[in-house]
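Chemist: Take this structure first; my questions come after.
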Amino acid sequence: MDNKTVETISYLARLELEKDKKEKITKDLESIINFVAELQDLNTEDIAPLANPLEKVAPKREDSVTSKSRKAAFLSNSPESDQDYFIVPKVVE
Amino acid sequence: MSIRFKTLSELKELLEKKEISSYELVSETFKNISTSKTNSFITLDEKVALNKARDFDEGKVDGDLAGIPIAQKDLFCTKDLRTTCGSKILENFIPPYDATVVGNLSAAGSICVGKTNMDEFAMGSSNETSYYGSVRNPWDLERVPGGSSGGSAAAVSEGLVCAATGTDTGGSIRQPAALCGITGIKPTYGRASRWGMIAFASSLDQAGAFARNAEDCALLLNHICSHDSKDSTSISDERENYLDNINNDLKGKKIGIIKEFDISSLNREVQDSFEQSKRIFEALGANFVEVSMPNIKLSVPTYYVVAPAECSSNLSRFDGVKYGYRAKDVDNLEELYIKSRSEGFGDEVKRRILIGTYVLSAGFYDAYYKKAQQSRRMIKNDFVNAFSEVDVIMSPSSPSSAFKIGSKTEDPIEMYLEDLFTISSNLAGVPAMSIPHGFSDGLPIGLQLIGNYLEESNILNFAHQYQKNSDWHFKTPDLGESS
């Protein structure tokens, strides 16, 4: 886990690390990755990955409208919106 | 009449006999909260709660929990009541809907007095990662209450409320229940709806309850658990009455002790309490069997791949656009995402997002994430095999009693090992609970009972019989001036 890797994953996660915390976070990430590395020596031949403890198939439902539009309620939580849209900085020049 | 430390069932009886009104109960609750030193609550809802109490007193509300004040962990969405998840990024978030669990408890007539403090996005075992400050353990204000549901556990332990909700992704109900000397249960994955629970690791997250004893936990689960078509992993089995089997005889029942958990490495008092608890169950006619679970030692590393991976995906929704914190003075959309997330999330959340991003990134996916999913199946198989031999599995809930605030914040691995005994049940998805069973260094410690899939009734039965034959659950902290 070097500085370059930390910079790459930080960008992928859209996070910016404060300069004075970068060193500590890099050290922490390295010790966590070393800690979980013991899994790599595990013999997992013929073991199917388990994604969900119930191993259920997602249930299907009728494709129907289940609730009324609540546009105003949802827009009201936005940091910036008008009557119809969430507002963000200009994307297209 | 002092309501502090009364159980849910006791308060229910007082209300039924009209020896106290719900208004008195709720007013007294807010009075107690105002003098509390534990920082258990992030947001209170006094006006609404008092109105609901009045409605109950006027005979307008009924239900199994009618008129009883309870607390909701601040991870559950509550309609028109701020829900922060312990994070700055949701400091001003007011959900337009109730989580299913919250709706179920309201439908039973209970009154939510407020939202309890927690580790940010439930990531932590000490409640120190909350943006709203650490919660303090009522048994010793210099110590942590455990986490992540630390506020709920401390509020019940301190007698502010008789019951509270929690969520458990790796031990977040059982470890704080143990450290605060109360009872807490996490049902089978899928038993309680996750709809309206702010997601951390979706294949591990499960809602549950805190109360003063197992009987009250059974009563709460009757309402917390339900089938919900809005949660695709919700179990559709018929709902049972968890109070029906708590008085079953334990004669001839088999309790498994995990061979690979080295109890002898723990401190003397933790070992002695464990032996003492074994003797109580033996006196009740249960037998002990050693079960080998060779893969259980992989639980903590497996969890710290699976949980951060799911967290990095779930928390990508926080981008400063539709709700939550938005950074000021940004030039473009990408900067808006980066600045909002970087200013809105705390250090532990960032650490876990970064680990998750790393283990899911191209070139590392097979070596970490796929491998962890495979070891997860091996751990699950260990539980399936063990439960073919025994009725329940017993272990300590945590390696030690509550530690000092600040003592484990420097080393993340040391903090992660707090959940050594609890994490495996989440990976397998089985139900588990913690009950108080002794003291170490003058602070409470817990006994963990793990059950087979959908056998919440069974562990509640063991816990209730234990509590009928012990008095640890009656112990309460000395609150000094704040009481």
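The values are calculated or read from the model by the stated rules, or taken from the named source; none is laboratory data. Small disclaimer: the values here were computed from a predicted structure and weren't measured. All Cβ positions, glycine included, derive from the backbone under ideal geometry; neighbour counts span all protein chains shown. With ligands, DNA and RNA removed, areas are computed over all heavy atoms of the protein, side chains included. Shrake-Rupley method; radii C 1.70, N 1.55, O 1.52, S 1.80 Å.
Chemist: Indicate the gyration tensor shape class of chain A (rounded, prolate or oblate), computed on the Cα atoms with a ≥ b ≥ c the square roots of the eigenvalues: a/c under 1.5 is rounded; otherwise a/b larger than b/c is prolate and the rest oblate. Mind showing how you got there, number by number?
Modeler: Working: a/c = 3.46, a/b = 1.27, b/c = 2.72.
Cα axes put chain A in the oblate bin.
Chemist: Also, quick follow-up: Indicate, rounded to the nearest 5 percent, the antiparallel portion of the DSSP beta bridges found entirely in the protein assembly as shown.
Modeler: In the protein assembly as shown, approximately 70 percent of DSSP beta bridges are antiparallel ones.
Chemist: For the range B:375-430, would you read off the P(r) tail past 18 Å as a percentage of all alpha carbon pairs?
Modeler: The answer is 46 percent, as a whole percent.
Chemist: Say the cut-off is 26 Å between C-alpha atoms; which of B:79/B:230; A:21/B:328; B:230/B:322; B:380/B:404; A:4/A:24 go over it?
Modeler: B:380/B:404
Chemist: Using a 7 Å offset from the Cα along the Cα-to-Cβ direction at both residue B:328 and residue B:343, what is the distance between the two label points in nm, to one decimal?
Modeler: According to this spin-label approximation, the distance is 0.7 nm.
Chemist: Leaving ligands, DNA and RNA out of it, report the carbon-plus-sulfur percent of the accessible area of the protein assembly as shown at a 1.4 Å probe.
Modeler: 47
Chemist: Cα centroid distance between the range B:397-411 and the range A:1-72, in Å?
Modeler: Each part reduced to its Cα centre gives a spacing of 25 Å.
Chemist: With a 1.4 Å probe on protein heavy atoms only, work out how much accessible surface A and B bury together, total over both chains, in Å² to the nearest 100.
Modeler: 5400
Chemist: What do you get for GluC sites (Glu not before Pro) in the range B:337-422 restricted to DSSP loop and a cutoff of at most 10 other Cβ within 10 Å of the site's Cβ?
Modeler: Those satisfying the criteria are B:410.
Chemist: Still on this structure, please answer the following. Considering all alpha-carbon pairs of the range B:306-352, what whole percent are spaced by more than 18 angstrom?
Modeler: When all Cα pairs of the range B:306-352 are counted, 28 percent exceed 18 Å.
Chemist: Next up: Identify the trypsin sites (Lys or Arg not before Pro) of the range A:1-76 meeting these criteria: DSSP loop state and at most 16 other C-beta atoms within 10 Å of the C-beta.
Modeler: For trypsin sites (Lys or Arg not before Pro) across the range A:1-76 that sit outside H, G, I, E and B with at most 16 neighbouring Cβ atoms in 10 Å, the list reads A:56, A:60, A:61, A:68, A:70.
Chemist: Working out 0.36 nm times the residue gap between residue A:92 and residue A:8, then minus their Cα-Cα distance, what length gain in nm do you get to one decimal? Write down the numbers at each step before the final one.
Modeler: Values: separation 84, 0.36 × 84 = 30.24 nm, distance 2.57 nm.
Separation in residues times 0.36 nm, less the Cα-Cα distance, equals 27.7 nm.
Chemist: Can you give the FRET efficiency for residue B:287 and residue A:22, using 1/(1 + (r/R0)^6), R0 = 60 Å, r = Cβ-Cβ distance, to the nearest 0.05?
Modeler: After rounding to 0.05, the efficiency reads 0.60.
Chemist: Could you please state, rounded to a whole Å, how far the C-alpha centre of the range B:1-73 is from the C-alpha centre of the range B:317-364?
Modeler: 39
Chemist: Further question on the same structure: Once R0 is set to 25 Å, what does the formula 1/(1 + (r/R0)^6) return for the Cβ-Cβ distance between residue A:41 and residue B:278, expressed as a FRET efficiency to the nearest 0.05?
Modeler: FRET efficiency, residue A:41 to residue B:278: 0.10.
Chemist: Report the equivalent ellipsoid semi-axes for the protein assembly as shown in whole Å, largest first, defined as the square roots of five times the eigenvalues of the gyration tensor built from alpha carbon atoms.
Modeler: Details: eigenvalues 237, 190, 102 Å².
Gyration-tensor ellipsoid for the protein assembly as shown: 34, 31, 23 Å.
Chemist: What list of whole percents do you get for P(r) of the range B:251-290, with Cα-Cα distances grouped in 10 Å bins up to the one holding the largest distance?
Modeler: Pair shares across the bins are 29, 50, 20, 0.
Chemist: Using a 1.4 angstrom probe, figure out how much accessible area the protein assembly as shown has per residue, in square angstrom, rounded to the nearest whole.
Modeler: The answer is 40 Å² per residue.
Chemist: Could you give the nm distance between label points at residue B:365 and residue A:51, where each point is 7 Å from its Cα heading toward the beta carbon?
Modeler: 1.1
Chemist: Here's something else I'd like to know. Give me the percent of Cα-Cα pairs in chain B that sit more than 31 Å apart, rounded to a whole number.
Modeler: Tail of the P(r) past 31 Å holds 38 percent of the pairs.
Chemist: Now, a different point. Counting only helical runs of four or more DSSP H residues, what would the 222 nm mean residue ellipticity of the protein assembly as shown come to if each run contributes -39,500 (n - 2.57) and the total is spread over all its residues? Intermediate results must be reported in sequence, preceding the final value.
Modeler: Numbers: 18 runs with 199 residues, N = 576.
Value at 222 nm, helices only, nearest 500: -10500 deg cm²/dmol.
Chemist: So which trypsin sites (Lys or Arg not before Pro) in the range B:17-80 pass both tests, a DSSP loop state and at most 12 other Cβ atoms within 10 Å of the Cβ? The partial results should precede the final answer.
Modeler: Numbers: sites: B:17, B:18, B:31, B:37, B:47, B:52, B:54, B:60, B:73, B:79; in loops: B:17, B:18, B:37, B:60, B:79.
Answer by residue number: B:17, B:18, B:60.
Chemist: Determine, from the Cβ-Cβ distance of residue B:232 and residue B:107 and an R0 of 22 Å, the FRET efficiency 1/(1 + (r/R0)^6), rounded to the nearest 0.05.
Modeler: That pair, residue B:232 with residue B:107, gives E of 0.50.
Chemist: Turning to a different aspect of this structure: Within the range B:53-96, find all residues whose amide N lies under 13 Å from a label point positioned 7 Å from the Cα of residue B:18 along Cα-to-beta-carbon.
Modeler: Residues B:57-59 fall inside that zone.
Chemist: Next up: Using a basic spin-label model with each label point 7 Å from the Cα along Cα→Cβ, how many nm lie between residue B:60 and residue B:335?
Modeler: 5.2
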